[in-house]
Amino acid sequence: MGTLRGIRRLVRVVAFGLIAAAIATELSKPAPERTWHGKVFDIVPYDFRPPTWRRIRNAYWNPESDRLFNDRVFGVGWAVNLHRAKTLMEEAFRQLMGTKESLSIRMSARSEGARKD
């Protein structure tokens, strides 16, 4: 149990450090050059601009992208492209089951034996 607590503490310290580094990066620029989005250490993306619906959609549900991880809409780190995750799970399931046709994962579909109340 103590190890889990230590890992959580480490994750919080790293996250806080990345946020501080991102803010310091922006504040080190002259005011007209501050964009409030970029990368910390040229690796970890950050974005402190107000989110828009278009950026939210492109980060979390983007059928046109093959990337599983996109830049976060607000904050530091990455967002998961749920459309790509769904596609990868469908492909893995299809390979596991040995089927060639495309299968679709649908959360709202009812099976024929489902009881209708």
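Every read-out reported here was derived from the displayed coordinates using simple, explicitly stated rules and does not represent laboratory data. Fair warning: this is a prediction, and the values are worked out from it, not measured in the lab. Don't worry about glycine lacking a Cβ; one is built from the backbone with ideal geometry, like all the others, and counts go over all protein chains shown.
Structure summary
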quantity: Test: residue in segment 46-68 that is assigned to a strand (DSSP E or B) and within 23 Å of L88 (Cβ to Cβ); calculated: no
quantity: Given (1) loosely packed, with under 11 Cβ neighbours inside 10 Å; (2) within 30 Å of T87 (Cβ to Cβ), number of the condition V44 does not satisfy; calculated: (1)
quantity: Qualifying residue in segment 4-27 (condition: free of Cβ contacts under 8 Å to residues at least 40 places away in the same chain, part of a loop (DSSP other than H, G, I, E, B), surrounded by 13 or more Cβ atoms within 10 Å (Cβ to Cβ) and not β-branched (V, I, T)); calculated: no
